[in-house]
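Presented below is the structure to which this report refers.
The values are calculated or read from the model by the stated rules, or taken from the named source; none is laboratory data. Keep in mind it's a predicted model, so treat the numbers as computed, not measured. Using ideal geometry, Cβ is built from the backbone for each residue, glycine included, and neighbour counts are taken over all protein chains shown. Ligands, DNA and RNA are stripped out before the accessible areas are found, and what is left, the full protein with its side chains, is counted by its heavy atoms. Shrake-Rupley method; radii C 1.70, N 1.55, O 1.52, S 1.80 Å.
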Amino acid sequence: TCRVSMSMAEIRAGFTAIKANIQSRDPIRTLSILSHPHSLHKVKSSDRCCITHQLFTFYVDKVFKHCRTEDSFVNRKISSIANSFLSVRRKLGQCREQNNCVCGEESTEKFKQILANYEGLNVTSAAMKSLGELDILLDWMEKSR
Amino acid sequence: SGELYCSLPNPRNVHFESINMKNVLHWSAPEGTGDGVFYKVKYAVYGVGKWIRKPECRNINRTWCDLSSETSDYEEQYYASVKAFLNGTCSDWMETTRFNPLTDTKIDPPMVSVSSTDRSISIILTAPEKWKRSPEEESVSLLQVYPGLQYNVSVLNKKTKKRWFFSISNNTLVVPWLEPGTVYCVSAQIHVTTPVLDSGFSKEHCITTLKDK
Amino acid sequence: DALLPAPQSISILSTNMKHFLTWSPVIIQGATVRYSVEFQGEYEREYANGSWIPIPECSLTTATLCNITQDISASVAYKLRVRAELGASRSPWATTEGFFNRATTSLTPPTLRVLADGHHLLVELADMGPSFQFRVLYWRKGQESRVQQKVLEEVSSVVHLDTMEAGAEYCVKAQAHVEAINRSSSFSPTQCVRAQGDTSMWLV
């Protein structure tokens with residue numbers, strides 16, 4: 001198993017501080033990046049580590065850089081979350097290297113679906129929507145801890 | 001959808017008020033309108049492609065609508081929207097922000113029951129239940145929804161006015177070695193670390209330890 | 001711009017997860033020099049083209065100190081920089097040597113007060129901020145091998161540790177722990193208190 005210590009409370013606090021601002025920039029109610037058509041909550045426990053690593057990589061590589069706003073407070077909180085994600089992604093990467101974080105077919109399929117949802121929108125809308133869905137990821141991680 | 005020309009001011013402050021995941025949509029009447037305004041309500045599961053009308057909240061003149069049943073899956077997030085009608089004209093649809101039942105609900109304090117002997121008090125705490133459609137439906141304790149749930153318990157010695165705090169994860173607490181014939185008042189709070197959710201403290205339950213035999 | 005020298009001796013003071021950037025003042029006779037501070041996390045360096053983020057609370061400040069705690073909020077390598085500003089002219093940036101990771105913050109032992117109230121062993125701990133938990137060790141004097149532990153998350157007032165045997169002496173010490181950097185302070189000095197009641201009673 002892969003045990004990663006992360007300060008969930010700090011990431012939560014950072015996101016909660018900007019949640020209303022970020023979600024108000026996403027006008028599309030009828031599409032979700034993370035939760036539809038397949039919910040994260042349906043992912044098998046054996047695949048959880050892998051999909052968590054894939055999602056942290058997704059946010060670091062694709063999402064945060066396209067979320068810069070005109071609001072300094074929001075930008076600072078995004079920086080805080082992004083640097084926390086980078087720190088956690090590194091630890092998850094170490095688990096992958098030690099083969100403690102195996103990717104099954106299901107997580108590969110699920111992550112493909114997430115990327116398809118993401119690429120279905122223009123990059124700024126997709127990034128802002130993904131950032132606004134951070135609590136979906138955090139809720140799922142806490143529940144499956 | 002064949003709607004009338006909408007020049008009526010909009011309903012204001014459309015928002016969810018949620019306690020123990022009883023999720024009720026609330027709003028204020030449009031500015032400057034008195035009686036005679038009627039409302040329609042619809043809701044949507046975030047990420048799912050359709051808005052759903054709430055029949056029980058169609059053409060209502062109150063300014064709330066209970067959507068607990070429609071928003072009971074706390075692994076989903078929701079939007080709700082309200083439209084006002086008056087004398088043949090209407091307002092725009094006015095939406096809530098995105099509602100996450102798991103993080104946006106408030107939690108009631110735990111139920112506290114206290115018993116005593118001459119030298120100790122026993123405290124049993126019960127976390128509130130998640131809202132349910134009917135009494136027959138199976139109860140779900142908020143303990144199951146928030147695995148990291150803990151209790152902060154305050155015990156006040158009414159004679160010395162000293163207050164002690166206990167932080168416990170299980171729901172029972174025995175405090176031995178107390179003074180006989182003394183009033184102790186107990187109140188408790190629920191504390192969830194992440195997401196950060198704290199209930200208020202329950203009202204105080206006072207009990208007198210028995211007199212020395 | 002080159003006339004205005006960059007601030008010197010910039011350094012970071014970090015204690016108990018509170019982090020401050022300090023620098024020496026730039027002295028221009030008869031003028032009030034102001035300063036602006038920016039930070040850059042590892043994410044900005046590697047994924048955002050090395051961008052810098054301003055700290056509004058320390059923009060055009062006359063102070064030579066900036067509280068950067070709010071922005072140093074991940075356990076990665078950060079860089080800080082500050083420049084002087086006088087009217088329209090700006091000095092070059094002065095950037096911290098090397099990197100700063102909050103995991104290197106110095107942790108001081110908690111301020112602990114131990115009380116006995118009848119048979120009850122109680123502690124009071126000074127709040128050290130949201131990042132902190134407290135690991136409290138306690139034992140009956142003479143039974144040092146049977147140490148017990150409690151981890152306290154939030155400390156608002158008098159916390160009940162345990163009940164004590166009549167007349168016995170109990171000792172307590174505590175250390176602060178920061179989960180986010182997985183480090184603990186050294187222990188506070190040990191304090192001992194005696195439970196009410198007479199031990200000789202047991203000899204009857």
Out of everything in segment B:162-213 that is within 10 Å of another protein chain (Cβ to nearest Cβ), over 23 Å from residue B:20 (Cβ atoms) and not in a strand (DSSP E or B), what residue ends up being least open to solvent (accessible area, probe 1.4 Å)? B:178
Quick count over segment B:132-161, residues being farther than 14 Å from residue C:117 by Cα and open to solvent by less than 70 Å² (accessible area, probe 1.4 Å), is 16
Please tell me if residue C:105 is more than 9 Å from every other protein chain (Cβ to nearest Cβ), at pLDDT 95 or above and either open to solvent by less than 20 Å² (accessible area, probe 1.4 Å) or closer than 30 Å to residue C:140 by Cα (or both). yes
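Restricting to segment C:111-129, and then to whatever is under 18 Å from the mean Cα position of the chain (by Cα) and within 14 Å of another protein chain (Cβ to nearest Cβ), can you tell me which residue is nearest to residue C:73 (Cα to Cα)? Working first, answer last.
To start, the set of residues in segment C:111-129 that are under 18 Å from the mean Cα position of the chain (by Cα) comprises C:111-112, C:125-129.
Those still in the list that are within 14 Å of another protein chain (Cβ to nearest Cβ) too: C:125, C:127, C:129.
Numbers: C:125: 24, C:127: 19, C:129: 13 Å.
In this case the residue turns out to be C:129.
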Hey, any hits in segment C:102-111 for a residue that's assigned to a strand (DSSP E or B), out of contact with any Leu (no Cβ under 9 Å at 6 or more places or on another chain) and under 19 Å from residue A:77 (Cβ atoms)? no
Could you list, in sequence order, the residues of segment B:136-171 that are in contact (Cβ under 8 Å) with a residue 40 or more places away in the chain and over 25 Å from residue B:105 (Cα atoms)? B:156, B:158
If we ask which residues in segment A:28-43 are more than 8 Å from every other protein chain (Cβ to nearest Cβ) and open to solvent by 70 Å² or more (accessible area, probe 1.4 Å), their number turns out to be 3
Exactly one of these conditions fails for residue C:130: (1) open to solvent by 60 Å² or more (accessible area, probe 1.4 Å); (2) in contact with a His (Cβ under 8 Å, 6 or more places away or on another chain). Give me its number. (2)
Scope segment C:134-171; condition open to solvent by less than 40 Å² (accessible area, probe 1.4 Å), under 19 Å from residue B:152 (Cα atoms), more than 8 Å from every other protein chain (Cβ to nearest Cβ) and part of a strand (DSSP E or B); matching residues: C:134, C:136, C:161
Among (1) open to solvent by 30 Å² or more (accessible area, probe 1.4 Å); (2) modelled with pLDDT of 95 or more, residue B:31 falls short only on (2)
Residue list for segment A:44-67, filter: touching a residue at least 60 places away in the same chain (Cβ under 8 Å), surrounded by fewer than 21 Cβ atoms within 10 Å (Cβ to Cβ) and over 26 Å from residue A:79 (Cα atoms): A:44, A:45
Any idea how many residues of segment A:18-27 are part of a helix (DSSP H, G or I) and open to solvent by 50 Å² or more (accessible area, probe 1.4 Å)? 2
Please enumerate the residues belonging to segment B:64-88 that are within 11 Å of another protein chain (Cβ to nearest Cβ), open to solvent by 30 Å² or more (accessible area, probe 1.4 Å) and not hydroxyl-bearing (Ser, Thr, Tyr). B:73, B:75, B:76
Yes or no: segment A:2-16 includes at least one residue that is among the polar types (S, T, N, Q) and either more than 14 Å from chain B (Cβ to nearest Cβ) or farther than 29 Å from residue C:130 by Cα (or both). no
Every residue from segment C:1-59 that is without any contact (Cβ under 8 Å) to a residue 60 or more places away in the chain, among the β-branched types (Val, Ile, Thr) and open to solvent by 40 Å² or more (accessible area, probe 1.4 Å): C:27, C:28, C:32
Tally of residues being within 14 Å of chain A (Cβ to nearest Cβ) and either surrounded by 14 or more Cβ atoms within 10 Å (Cβ to Cβ) or touching a strand residue (DSSP E or B) at 6+ places or on another chain (Cβ under 8 Å) (or both) across segment B:36-63: 10
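What strands (runs of 3 or more DSSP E) completely inside segment B:11-71 contain at least 1 residues that are out of contact with any Cys (no Cβ under 8 Å at 6 or more places or on another chain) and closer than 27 Å to residue A:130 by Cα? Give the steps one after another, and end with the answer.
On the way: elements: B:12-19, B:22-28, B:38-45, B:64-66.
Correct list: B:12-19, B:22-28, B:38-45.
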Among the residues of segment B:23-35, are any among the aromatic types (Phe, Trp, Tyr), within 14 Å of chain A (Cβ to nearest Cβ) and closer than 30 Å to residue B:198 by Cβ? no
For segment A:104-139, enumerate the residues that are open to solvent by less than 50 Å² (accessible area, probe 1.4 Å) and either of a type in the set (Lys, Arg) or under 14 Å from residue A:53 (Cβ atoms) (or both). A:104, A:107, A:110, A:111, A:114, A:129, A:137
Considering segment B:93-115 alone, what residues qualify as being assigned to a loop (DSSP other than H, G, I, E, B), within 14 Å of chain A (Cβ to nearest Cβ) and open to solvent by 30 Å² or more (accessible area, probe 1.4 Å)? B:93, B:97
Condition first: in contact with a Cys (Cβ under 9 Å, 6 or more places away or on another chain) and in a loop (DSSP other than H, G, I, E, B). Now tell me which residues in segment B:72-92 satisfy that. B:91, B:92
Evaluate the following for residue C:65: is it closer than 18 Å to residue C:16 by Cβ, open to solvent by 50 Å² or more (accessible area, probe 1.4 Å) and away from chain B (no Cβ under 14 Å)? yes
